[in-house]
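Right, one structure below, let's go through it.
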Amino acid sequence: MILSCQNIDKAFGDKVILSNASFLIEDREKAAIVGINGAGKSTLLKIITGELSADGGSVILSKGKTIGYLAQQQNNHSQHTIYQELLTVKQEILDWEQQLRTLETEMQHKEGEELKVLLEHYTRLNHQFEDANGYAYKSELIGVLTGLGFQEADYHRKISTLSGGQKTRVALGKLLLTKPDILLLDEPTNHLDMDSIAWLETFLLNYGGAVIVVSHDRYFLNKIVTKVIQVDNGKVTTFSGNYSDYAMKREMLRNTAYKAYENQQREIKHQEDVIAKLRSFNREKSIKRAESREKLLNKMDLIDKPVEVNSQMKLTLEPDCISGNDVLSVTGLAKSFDSLSLFSDISFDVKRGERIALIGSNGSGKTTILKIITGLMEADDGMIKTGANVHIGYYDQEHHVLHEEKTIFDEISDDYPDLNHTKIRNVLAAFLFTGLQVFQPVGDLSGGERGRLSLAKLMLSEANFLILDEPTNHLDIDSKEILEQALNSYTGTVLYVSHDRYFINKTATRILDLREKKLTNYIGNYDYYLEKKETLSPVSITSESTKSSDSLGKNDWQKQKEEQAKQRKKENELKRVEEEITSLEERIEEIDTEMASEEVCTDVEKCMELQKEKDDVTEKLEILYEKWEELA
């Protein structure tokens, strides 16, 4: 055990953030802290670091161990360059290096005993220098900078001139080079592109210390963590496994809790009906029997109703009309900014019903392509053609479609004047804007709140072609899952840019990879893309390889249909297994009830018979749980 949090309590005013929160972190363990926005994840990290004090409980760190913390926001205004800032982590090595050079100079002018003393000192210091990886510190530093997406041309940029995201990447680089015994990382992937996230995954998997990470990146969590710490309504619960394991167990626990509550409520209602009926007979014996039942009912240990997740937005996307089969045709697209060429001669088509993810490194031009398609930016060359009855709905990651000076209510009412007051209120409530909050200025909203308001406008647009730029930014995991479900149920067409690999894996039917100024096409989700990226040498989609909407090829379309059929079959099998699990769980409850009855508990033979059946059912359940996990 390297870290122990015991019975942590924290409240801000009347709002309880953490209540009796406890968990352990083992040496070298990789753990995630998850929960909805505002649940208290960052608060918990700050309590561990001592930046915030807890109202109760204790944080115990093993003797001699160090903690390093990456906050979401960085206020570094240093005049150092990026390279100099990371070099400060290696100051001790730099001092030793200077001492070694000084000793080398001195030894040239010494003889005899003096030389021997200097040589011994040099040997000891050189050994320290080697142990600290002194001869490779420059390559180590450059490796981290490159991994985090900095180019050599960036090394001499001053920290004070960087954006917030760039400053966060510099802070992360310093922290990784410091190598504390416990890394506390608050949303470390927010400002990284896919290549940098993949590099960070590898780094953390091989990291010699423990890692505690707060992140909404489920793919990232699946790769690195073996423990998930859930913060929910002030309570902390620990689950073993990665994020997918946690999500499965959480859903099963939630269903079990609801089932137990609903079963008890049905039993209470049944007993109350029986009591009322007995009293209605108005006879001495029936009244006594009613009173006896009432006593038993009053002694019952009531199961608390599971807390509803009231932070979930309600999103339904439905087009107002059906577009033609040919939704979009892009031919020979090119764009440069001054001497910087983003891409050239890019061509691709979009068909009705497709959900296409446009991926690539930061600065490759993905958002620029979306802005050109939506008419917000002009191309240097090429042609954009939309099909018949195509109505575009655009989600902008910078939310320029919102008006800072308007209130939340006016943002909706001005764009949709036909909606009455009640309808607007209901729509806003579905996206968690209630009460007087609807009259709050848009300019005062957080990133997550702006994202929800933009999604509300997108839903009301009833567009049949959605163009989305980083739609999951600032959304918590629950909201991401709701958006995934909405897109997968949407009967229109979707083209989006995202760095969220889990989101892409769940929603994309096709991926366009923008790399080295060209597009490469993959028919499938993100897992398929990873598999084929390494094994195939796909032809870039240019004007030469994409002459028309038939460029994808009949084989590709046939393969996509086959994959979709396999997926439907898998989903049906999953549903069947879930129904069978529910049936067996109900049978176990029936057996337990029967064995507890007076007639059976004294009948040894009957008890043995029921116990054998329960053992058989339990064994079947274990097999089904394994099958469910495999299918899910």
Quiz item: So which pairs qualify, if the first residue must be in the stretch 51-63 and free of Cβ contacts under 8 Å to residues at least 40 places away in the same chain, the second must be assigned to a strand (DSSP E or B), the Cβ gap must be under 8 Å, and the two must be at least 6 apart or on different chains?
Solution: Glu51/Tyr69
Self-check item: Meets criteria (outside any helix (DSSP H, G or I), farther than 25 Å from Asp181 by Cβ and either assigned by TED's automatic domain parsing to the domain that holds Val213 or among the polar types (S, T, N, Q) (or both)) for Ser78
Solution: yes
Quiz item: Can you tell which of Gly363, Gly382, Gly393 is assigned to a strand (DSSP E or B) and within 27 Å of Asn525 (Cβ to Cβ)?
Solution: Gly393
Quiz prompt | Breaking point among (1) farther than 21 Å from Ile369 by Cα; (2) modelled with pLDDT of 90 or more; (3) more than 18 Å from the chain's Cα centre (by Cα), for Thr493 | solution = (1)
Exercise. Count, please, the residues in the stretch 423-440 that happen to be in a loop (DSSP other than H, G, I, E, B) and either among the aromatic types (Phe, Trp, Tyr) or modelled with pLDDT under 90 (or both).
Key: 4
Exercise. Report whether or not Thr507 is over 22 Å from Thr386 (Cα atoms), touching a residue at least 12 places away in the same chain (Cβ under 8 Å), touching a His at 6+ places or on another chain (Cβ under 8 Å) and of a type outside the set (A, V, I, L, M, F, W, C).
Key: no
Quiz item: Does the stretch 52-66 include one or more residues that are within 19 Å of Leu172 (Cα to Cα), assigned by TED's automatic domain parsing to the domain that holds Asn222 and not hydroxyl-bearing (Ser, Thr, Tyr)?
Solution: no
Quiz item: Being loosely packed, with under 14 Cβ neighbours inside 10 Å, at pLDDT below 95 and in a helix (DSSP H, G or I), is that true of even one residue in the stretch 30-53?
Solution: no
Quiz prompt | Filter result (crowded, with 21+ Cβ neighbours inside 10 Å, of a type in the set (Val, Ile, Thr) and under 17 Å from Arg501 (Cβ atoms)) within the stretch 439-479 | solution = Thr472
Quiz item: Just one of the numbered conditions (1) surrounded by fewer than 16 Cβ atoms within 10 Å (Cβ to Cβ); (2) outside any strand (DSSP E or B); (3) among the hydroxyl-bearing types (Ser, Thr, Tyr) is not true of Tyr246; which one?
Solution: (1)
Quiz prompt | Residue list for the stretch 191-221, restricted to those being surrounded by 20 or more Cβ atoms within 10 Å (Cβ to Cβ) and among the polar types (S, T, N, Q) | solution = Ser196, Ser215
Quiz item: Taking the stretch 401-418 on its own, how many of its residues are in contact (Cβ under 8 Å) with a residue 24 or more places away in the chain and either closer than 15 Å to Leu370 by Cα or not in a helix (DSSP H, G or I) (or both)?
Solution: 8
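Residues are listed down the side, and each one gets a yes or a no for (1) under 30 Å from Pro188 (Cα atoms); (2) out of contact with any helix residue (DSSP H, G or I) (no Cβ under 8 Å at 6 or more places or on another chain); (3) outside any helix (DSSP H, G or I); (4) at pLDDT 90 or above:
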site: Leu100; (1), (2), (3), (4): no, no, no, yes
site: Glu114; (1), (2), (3), (4): no, yes, no, no
site: Leu125; (1), (2), (3), (4): no, no, no, yes
site: Tyr135; (1), (2), (3), (4): yes, no, no, no
site: Ile142; (1), (2), (3), (4): yes, yes, no, yes
site: Ala153; (1), (2), (3), (4): yes, yes, no, no
Quiz item: Of all residues in the stretch 245-296, which are among the aliphatic types (A, V, I, L, M) and over 49 Å from the mean Cα position of the chain (by Cα)?
Solution: Val274, Ile275, Ala276, Leu278, Ile287, Ala290
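The values are calculated or read from the model by the stated rules, or taken from the named source; none is laboratory data. Remember, it's a predicted structure, so these values are computed and weren't measured experimentally. Note that each Cβ is placed from the backbone with ideal geometry, even for glycine, and that neighbours are counted across all protein chains shown.
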